[in-house]
Amino acid sequence: MSMSPALRKFALTAHVTASVGWFGAVASFLALAVAGLTSQNPQIVRAAYLAMGLTAWWVIVPVSLASPLTGIIQSLGTEWGLFRHYWVLIKFVITIPATIILLLHMKPIGHLARVVAETTLARGELSGMRIQLVANAAAALVVLLIATALSIYKPRGMTRYGKTRQRESMQ
Amino acid sequence: MQTKEELKTTHDSNRDTGTPRWVKVFGIIGIILVLVFVILHLAGGGFHGHTAPMEHGGQQP
């Protein structure tokens, strides 16, 4: 399946927008998570976790789904393919778990947002969960940075499947 | 996107057999990180699970 140049550009635009948007949203989320964990001001803590709840549901979840989806569409519609080149395959392998882990962590994010909406979070309260959100956001940022770097540098290396397909197309 | 010339160059360089070193290094680092992640979650390590705890006044939200 090969896309026309116009469709290819559209798919690439969608993918880059979703992917870099995901990175930016997680970076903002991390800043809020750090503020929520470290601030002495109850209002800032409250605002941070409320904002994290909104950001996660309305920005991060949609782009975390759009990024791999547009990536798959784009890879299958171009000569790169999804499984032919290691840089594409590794991006896929690291992005899918990142999306899954995010979705698994929506519960504690929502819980914290509900708690601060109803009352004031005491210092040290739910600290384990709050620390985990910081750690997970930081880890997600690293994963997304790696994916971005792979997209730009496109380090060489074809999988066995890719080499077989290439040999077939050359015959 | 990759041009036909770049694809040919990629083909030429990819005639080398075996997995590229950078992929192997990536794989090793990835395995280590997954193990650390699993160990941390299994050991507790100060982290909470993914379900809402009952820390806040003993009440579920």
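The values are calculated or read from the model by the stated rules, or taken from the named source; none is laboratory data. In this text, all values refer to a predicted model and were calculated from it rather than measured experimentally. Note that we place each Cβ from the backbone using ideal geometry, even for glycine, and neighbour counts take in every protein chain shown. Surface areas here come from the heavy atoms of the whole protein model, side chains and all, with no ligands, DNA or RNA. Shrake-Rupley method; radii C 1.70, N 1.55, O 1.52, S 1.80 Å.
Helix A:42-55 sits at what angle to the longest principal axis of chain A, using alpha carbons and giving 0 to 90 degrees rounded to 10?
30 degrees
For the B and A pair, go ahead and give the buried accessible area with a 1.4 Å probe, both sides summed, in Å² to 100.
In total, this chain pair buries about 2900 Å².
Peptides A:24-30, A:149-155, A:103-109: what's the order by average Cβ count within 10 Å, highest mean first?
So the peptides A:24-30, A:149-155, A:103-109, ranked by packing, come out A:24-30, A:103-109, A:149-155.
How much of A:Leu7 can a 1.4 Å solvent probe reach, expressed as accessible area in Å² and rounded to 10?
Ignoring ligands and nucleic acids, A:Leu7 comes out at about 80 Å².
Using a 1.4 angstrom probe on the protein heavy atoms only, line up B:Trp22, A:Trp57 by accessible area, largest first.
Result, largest first: A:Trp57, B:Trp22.
Using Cα centres only, tell me the gap between segment A:1-40 and segment A:121-171 in whole Å.
That distance is 13 Å.
Provide A:Val45, B:Val36 ordered by accessible surface of protein heavy atoms (probe 1.4 Å), highest first.
B:Val36, A:Val45
Relative to the longest principal axis of the C-alpha atoms of chain A, give the angle of the C-alpha long axis of helix A:106-118, reported between 0 and 90° and rounded to the nearest 10°.
30 degrees
Multiply the residue separation of A:Ser169 and A:Leu104 by 0.36 nm, subtract the distance between their alpha-carbon atoms, and state the gained length in nm to one decimal.
19.2 nm
If I ignore ligands, DNA and RNA and count only protein heavy atoms, how much of A:Val20 is accessible to a 1.4 Å probe, in Å² to the nearest 10?
80 Å²
Multiply the residue separation of A:Ile72 and A:Lys9 by 0.36 nm, subtract the distance between their alpha-carbon atoms, and state the gained length in nm to one decimal.
21.2 nm
Averaged over its residues, how many other protein chain Cβ atoms are within 10 Å of peptide A:144-151's Cβ atoms?
1
Let me have the 222 nm mean residue ellipticity of chain A computed from DSSP H runs of 4+ only, each contributing -39500 (n - 2.57), with the sum over all residues rounded to the nearest 500.
-27000 deg cm²/dmol
Could you tell me the ratio Rg/Rh of segment A:75-166? Both radii from Cα atoms, Rh via Kirkwood.
Answer for segment A:75-166: 1.21.
Using only Cα atoms and rounding to the nearest 10 degrees, what angle (0 to 90) does helix A:61-76 make with the longest principal axis of chain A?
The answer is roughly 10 degrees.
For B:Thr19, A:Thr120, give me the order by solvent-accessible area with a 1.4 Å probe, most accessible first, ignoring ligands, DNA and RNA.
A:Thr120, B:Thr19
Residues of A:84-96, mean number of Cβ from any other protein chain within 10 Å of their own Cβ, rounded to a whole number?
Rounded to a whole number, the mean comes out at 2.
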